[in-house]
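Peer 1: Below is a structure I'd like to ask you about.
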């Protein structure tokens, strides 16, 4: 499709891969919007037009969207462990609303929004899909609440302000280029470096390769139906299997000791209590552990049927991630997600 493509949040894991896939597809007019404080490690050297600004800078947003036909929005604060949830709501909802106000007036062909599988409801047996209404806000915490509110906001703009929006419900992503890294990527990184002596028994989640997730975003920009959401996930996998695949790929013994997820939850209560006393955040919280195993298996056939999406086995992406983490001397301290 001819026209300028804009990637907002291009310095992050998914955003940088969207940029790379656009380039691989032969796109020559690619614009990115990143903060001046963002690490550009993931996009350094790429032939793109870099614009600086954040999602609260209306003029920067207008300038960046001027002349664009498709916008890929890849910004999210994915820190469910925060004791103060206000940053989650500020980025995931307030900042998004600011972007949508500009996008609704920008004469776009598509606005492709990075949502989460956390906006999909749970089912008792069988597979959940895009029609499964969310039914676990009471146990999902403020992160999930903010993500559900964000997706609902996009859909409301589609209905009320003619935003040509599409919501992509993306699962846990694996692959090379996870510089930050993501929380699940960080566990794999520790495993393939021989620094994780245990695996969490009972931690299962929907997963997808990062390149396939980026491909789904691009296909949605071309073929996605306005006002629809699509599940971007290849399969349901246990963390133990993921670590075994990754460790085998780099010749490292996989973690052999299984810690029951209930024991991790108990440890989370202790960790959270200490964090409150020290007035610091910790990733080991009961909520964070709960989010590791709350999702039920998903059906992604709508993305295959309507977008022509054909994801590869996530195991291939896990192997790529393992080699990336083994070759990375030091994880980056910052990045956009």
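Peer 1: Hey, among the residues in region 67-97 that are over 20 Å from the mean Cα position of the chain (by Cα) and touching a residue at least 24 places away in the same chain (Cβ under 8 Å), which one's farthest from residue 51 (Cα to Cα)?
Peer 2: Across region 67-97, the extreme among qualifying residues is 83.
Peer 1: Does region 76-95 include one or more residues that are more than 29 Å from residue 271 (Cα to Cα) and touching a helix residue (DSSP H, G or I) at 6+ places or on another chain (Cβ under 7 Å)?
Peer 2: Here is the first cut: in region 76-95, the residues more than 29 Å from residue 271 (Cα to Cα) are 94-95.
Pick out the ones that are also touching a helix residue (DSSP H, G or I) at 6+ places or on another chain (Cβ under 7 Å) and you get none.
No.
Peer 1: Would you check if residue 125 is exposed (fewer than 15 other Cβ atoms within 10 Å of the Cβ), free of Cβ contacts under 8 Å to residues at least 24 places away in the same chain and not in a helix (DSSP H, G or I)? Reasoning before the result, please.
Peer 2: Working: exposed (fewer than 15 other Cβ atoms within 10 Å of the Cβ): yes; free of Cβ contacts under 8 Å to residues at least 24 places away in the same chain: yes; not in a helix (DSSP H, G or I): yes.
In short, yes.
Peer 1: Can you pull out the residues in region 52-88 that are closer than 22 Å to residue 224 by Cα and in a helix (DSSP H, G or I)?
Peer 2: If the condition is that a residue be closer than 22 Å to residue 224 by Cα and in a helix (DSSP H, G or I), then 65 is the only one that fits.
Peer 1: Could you list, in sequence order, all residues of region 292-318 that are in contact with a strand residue (DSSP E or B) (Cβ under 9 Å, 6 or more places away or on another chain) and in a helix (DSSP H, G or I)?
Peer 2: Within region 292-318, 301, 302, 303, 306, 307, 314, 315, 316, 317, 318 qualify.
Peer 1: For region 89-101, does any single residue satisfy the condition of being in a helix (DSSP H, G or I), at pLDDT 95 or above and over 30 Å from residue 183 (Cα atoms)?
Peer 2: The answer is yes; a qualifying residue exists.
Peer 1: From the list 251, 227, 268, pick out the single residue that is more than 20 Å from residue 171 (Cβ to Cβ), surrounded by fewer than 18 Cβ atoms within 10 Å (Cβ to Cβ) and touching a helix residue (DSSP H, G or I) at 6+ places or on another chain (Cβ under 6 Å). Steps first, answer last, please.
Peer 2: Working: 251 fails: touching a helix residue (DSSP H, G or I) at 6+ places or on another chain (Cβ under 6 Å); 268 fails: surrounded by fewer than 18 Cβ atoms within 10 Å (Cβ to Cβ).
Just a single option satisfies the conditions, and that option is 227.
Peer 1: For region 1-27, name all the residues that are farther than 21 Å from residue 106 by Cα, in a loop (DSSP other than H, G, I, E, B) and over 15 Å from the mean Cα position of the chain (by Cα).
Peer 2: 25, 26, listed by residue number.
Peer 1: I've got another one for you. Please pick out the residue among 246, 194, 177, 227 that is in a loop (DSSP other than H, G, I, E, B), touching a residue at least 60 places away in the same chain (Cβ under 8 Å) and farther than 28 Å from residue 38 by Cα.
Peer 2: Matching residue, one of 246, 194, 177, 227: 227.
The values are calculated or read from the model by the stated rules, or taken from the named source; none is laboratory data. Quick caveat: nothing in here was measured; it's all calculated off a predicted structure. We place every Cβ from the backbone using ideal geometry, glycine too, and count neighbours over all the protein chains shown.
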